[in-house]
Amino acid sequence: EAVGATALSRKIGRYDVTGKAAVNGGGAFALTASKDRTLKRWNLPGSAVLDKSDDETTLLFELKTFCSARAHEKDINIVSVAPNDSLVATGSQDKTIKLWKATDLSLQATLKGHKRGVWDCQFSPFDRVVASCSGDKTVKLWSLSDYSCVRTFQGHVAGALRVRFLSGGLQLVSAGADGLMKLWTIRTNECEATIDGHSDKVWALDLSPDGKKLVSGGADSQIIVWQDTTKQDEASKRAEEGKTIVLEQRLANHLLYKEYEKALDIALDLEKPRQVLKVLTYIVENDIQKGYSNGLHTLQHLCKKSWSVEKVTQILQYCRDWNTRARNSHMAMLVVRAVTTSIPTHVLAATDGLAQVFAGITPYAERHFDRLDRMYANAYILDYTLFSMGSLDDDGTAQKEYANWEAKSKLVLPPPKTLGGSIRLSGDKVVGLTERSGVDDDDDDEDCEIMSIGDSSCSSQEEASSDN
């Protein structure tokens, strides 16, 4: 049957093993896996045997199978040897990874967890772990202590075909059927970078002996060598951070001394929209304090004299973002007004990208104007309420109206202390008072006085009817 995967022993200095150790499989060896789903070990000749050869041009040796094993139920895709030659790992289309003892190919463990066929598996150069990748788009890390899965890396959009350890076993690099390679940090379980260089499946992946270069080969007929630029990237990042710190300090100094135009240039260079909004607010407030009612004097001057087309585009992009929030919409509209009233229309129309920016500003601007119209209309409720309550101005009108009402109204006086008769409310008799000082008990009821509160006419009619 055809051979599908091969591997060589990795431990250095084992080619001169002879005697009993060689018989027990202590020397160098080769492993093969074929379509018949078997794994075979072939012992390699040592240097002493090679030196006895007379023909230096062709060194042909017939190898014999040392041991073999029925490895998997389906095709074997990969064979990998541990750094100390103690274990052998095989990955198959039956979704499993099997670990074998290298000396006699006895089964040590079966790792299950992938949902599709396993395409590659590799031992860590330092730790007792093995990494595998599968057609289920995942990369898994397995412990050799208890044979459990300790990490699962997800991120490929197609099957993962190859995996290798980097940075002394602290990182992993995997290649996928989508032509992308991904760099993973084992400790954080996160993808640090995605490398795009191939346009088809990446079937081959390996490292240089010093670990500084990565070689990949794909179905697009390309072999690409990748250089590790981690140190250079970190150095450039530190330099950029130092530059940013200096610019931020200069920005704070300019704001402290009210040098707003210089502060605005630095904020634009730093690409910090929040700082740009803060500086523009200071500029408008400063213009209002100087007597410019609309606050556009300095902004219009900057548009005409200082701002390039790139800066105008950058600021308008910020305005588009600011305009999505009501509290920042006023400043965004002021800047848009300053730009449109200072720069000719044909210049703005000829600038690439500005049409899309204004298209993003317009819907939110209309929404804000509608909101202001509703607020202005609702403000008339206050006028109506004040009108209904009466004028609150200090012109004396309210006092005059109260005085007229008081003059026309009849006050209700309290009853005298000595009163006999009945108290009526709106003509109804409520309390009967029959006792009166200085009057005999034999007096008739007609002599009793009646006090009415309310409708006096009704009370008078009732009294007249009683007299009759």
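Values for this structure:
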{"read-out": "Contact order normalised by residue count of segment 107-196, Cα under 8 Å, 6+ apart, percent", "value": "20 percent"}
{"read-out": "Where only C-alpha atoms are counted, convex hull volume of segment 84-139 per residue in Å³", "value": "73 Å³"}
{"read-out": "Sum of side-chain charges, VAL118 neighbourhood, beta-carbon under 11 Å (Lys, Arg +1; Asp, Glu -1)", "value": "+3"}
{"read-out": "Solvent-accessible area of GLU73 with every protein chain in place, 1.4 Å probe, in Å² to the nearest 10", "value": "130 Å²"}
{"read-out": "Relative contact order [Cα under 8 Å, 6+ residues apart], segment 276-400, whole percent", "value": "20 percent"}
{"read-out": "Segment 253-346 - charge dipole about Cα centre, Lys and Arg +1 at Cβ, Asp and Glu -1, debye rounded to 20", "value": "220 debye"}
{"read-out": "Simple label model, 7 Å out from Cα along Cβ direction - ASP373 to HIS330, nm", "value": "2.1 nm"}
{"read-out": "Principal axis box of segment 204-300, alpha-carbon based, largest edge first, Å", "value": "72, 29, 15"}
{"read-out": "Proximal charge balance of LYS95 [Cβ under 11 Å; K/R count +1, D/E count -1]", "value": "+1"}
{"read-out": "Length gained when the stretch TYR380-ARG238 is fully extended (0.36 nm per residue, less Cα-Cα span)", "value": "45.2 nm"}
{"read-out": "Dipole axis of segment 168-321 (+1 Lys, Arg; -1 Asp, Glu on Cβ), positive-most option in ASN189, SER308, TRP203", "value": "SER308"}
{"read-out": "By average C-beta atoms within 10 angstrom, highest first, the peptides 304-311, 90-97", "value": "90-97, 304-311"}
{"read-out": "Stokes-Einstein D in µm²/s, Kirkwood radius over Cα pairs - segment 253-389 at 37 °C with 0.692 mPa s viscosity", "value": "201 µm²/s"}
{"read-out": "Backbone N within segment 143-167 under 11 Å of label point (7 Å from PHE126 Cα along the Cβ vector)", "value": "166-167"}
{"read-out": "Charge sum, other residues only, whose C-beta stays under 10 Å from TYR318's C-beta, Lys/Arg counted +1 and Asp/Glu -1", "value": "+1"}
{"read-out": "Nitroxide proxy distance, nm - points 7 Å out along Cα→Cβ at ASN294 and ASP146", "value": "7.4 nm"}
{"read-out": "Per residue accessible area of segment 102-228, 1.4 Å probe, in Å²", "value": "48 Å²"}
{"read-out": "Per-peptide average of other Cβ atoms within 10 Å, ordering 370-377, 106-113, 82-89 highest first", "value": "82-89, 106-113, 370-377"}
{"read-out": "Most to least packed among 256-266, 155-165, 340-350 [average Cβ atoms within 10 Å]", "value": "155-165, 256-266, 340-350"}
{"read-out": "Relative contact order computed over segment 186-304 (Cα-Cα under 8 Å; 6+ residues apart), in percent", "value": "11 percent"}
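The values are calculated or read from the model by the stated rules, or taken from the named source; none is laboratory data. Owing to the predicted nature of the structure, the values given are computational and were not obtained by experimental measurement. All Cβ positions, glycine included, derive from the backbone under ideal geometry; neighbour counts span all protein chains shown. Keep in mind that these areas ignore ligands, DNA and RNA; they rest on the heavy atoms of the full protein, side chains included. Shrake-Rupley method; radii C 1.70, N 1.55, O 1.52, S 1.80 Å.
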